[in-house]
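Scroll down for the structure; my scribbles are underneath it.
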Amino acid sequence: MKKLIAGNWKLNGSLAANEALLTELAQGLQASPAACDVVVCTPAPYLAQVHALKSAQSALAVLEVGGQDVSTQASGAYTGEISAAMLKELGCRYVIVGHSERRQYHGETDALVADKAKAALAAGITPIVCVGETLAEREAGRTEEVVKRQLAAVIHANGHCISEIVVAYEPVWAIGTGKTASPEEAQAVHAVLRAQLKAATDQSARIKLLYGGSMNAANAASLLAQSDIDGGLIGGAALKAADFLKIIAAASV
Ligand code: PGA
């Protein structure tokens, strides 16, 4: 299966910075085309800009655009929310749901994340469902229990549609800290998630399992070499074209 490299820009960017980043990415991809799937999940106000820049440059044909969050609601009195249909209209193929920063700072529960995945799927957008344990949970030996509980909620709410999702395992202690899970640590959790998906659907082989948490140009190849790691969800390194291109190259072998 083709690997998937997803950039998560988080709360970063500007019209000028986005254009500079995409221009550099286009140059790099022109010189060395990607043999993996690539998506950048941008702040919502920049989706149209990034989609337009992508459409204008043939070297960026491989690039898909994604959102970072989606409402469970289709429309109505929900100030500040963005619906899956709106994301779709702006050219999104993917949307991140349940990122640990949203679980932590916005109180998103497993059930809410599962409903967000459902809203994305209903609009034909692939949800990138994030799961991951905190440092305290890992130290208490609860990693498996936590990620399985988080994924179970999504499986429960989405039934057979689960084969259309992407799952990102992001240990919270590895996000933005420079502390990456070792390839073996990541693989061990990915194997657990793979088994859980296999038990849920006979289509589990199509579900991509990404690793995220301080993935960078130096460690991407060894993480991506693991049998159950099908790609990466990349924060900081996705904002530097040279680094993001190196990760894309590591996923293209
Ligand atoms: P990081 O972020 O690569 O900066 O650790 C990953 C993420 O939060 O998706």
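Any read-out appearing in this document is the output of simple, stated calculations on the displayed coordinates, not a laboratory observation. Keep in mind it's a predicted model, so treat the numbers as computed, not measured. We place every Cβ from the backbone using ideal geometry, glycine too, and count neighbours over all the protein chains shown.
General remarks:
- Shown for Glu185, Glu133, Glu170: other C-beta atoms within 10 Å of each C-beta, ranked fewest to most, produce the order Glu185, Glu133, Glu170.
- Where labels lie 7 Å past Cα in the beta-carbon direction, separation of Ala188 and Glu144 in nm: 1.0
- Over the range 1-87, relative contact order from alpha-carbon pairs under 8 Å, at least 6 apart, %: 30
- ³J(HN,Hα) computed for each position of the range 221-233 - Karplus, 6.51 cos²θ - 1.76 cosθ + 1.60, integer Hz, glycine/proline x: 4, 6, 5, 6, 6, 6, 5, 10, 9, 9, x, x, 10
- Amide H contacts for Val95 (H built 1.01 Å from N in the peptide plane; partners 5 or more residues away or on another chain; cut-off under 5 Å): Gly67, Thr126, Ile128.
- Shape of the range 157-242, Cα gyration tensor, a/c cut at 1.5: prolate
- Convex hull volume of the chain per residue (C-alpha atoms, cubic angstrom): 114
- Relative contact order, whole percent, for the chain stands at 22, derived from Cα pairs under 8 Å and 6 or more residues apart.
- For the range 71-80, 3J(HN,Hα) per residue [Karplus equation, 6.51 cos²θ - 1.76 cosθ + 1.60, θ = phi - 60°, Hz, x = Gly/Pro]: 6, 7, 9, 7, 5, x, 7, 9, 3, x
- Förster radius 30 Å - calculated FRET efficiency between Ala17 and Ala218, Cβ distance, rounded to 0.05: 0.80
- Calculated FRET efficiency for the pair Glu24/Ala195, C-beta based, R₀ 41 Å, to 0.05: 0.55
- Considering all C-alpha pairs of the range 1-106, those separated by over 19 Å amount to 45%.
- When each full DSSP H helix of the chain is screened for a Cα extent of at least 15 Å along its own axis and an average Kyte-Doolittle hydropathy of at least -0.5, the helices passing are 15-31, 110-122, 143-158, 183-200.
- Ranked by how many other Cβ atoms sit within 10 Å of their own Cβ, fewest first, the residues Cys161, Cys36 fall in the order Cys161, Cys36.
- Debye equation applied to the C-alpha atoms of the range 69-192, log10 I(q)/I(0) at 0.12, 0.15, 0.17 Å⁻¹: -0.45, -0.69, -0.86
- FRET efficiency, Gln104 to Ala52 (Cβ-Cβ, R0 51 Å, nearest 0.05): 0.95
- Count of lysine pairs in the range 4-251 with Cα separation under 15 Å (8 or more residues apart, or interchain): 5
- Close amide H contacts of Val38 (hydrogens built in the peptide plane, cut-off under 5 Å, sequence separation of 5 or more or a different chain): Ile5, Glu64.
- Likely footprinting exposure, Ser58, Ser100, Ser83, fewest C-beta neighbours within 10 Å first: Ser58, Ser83, Ser100
- When Rg and Dmax are taken over the Cα atoms of the range 110-179, they come to 13.0, 39 Å.
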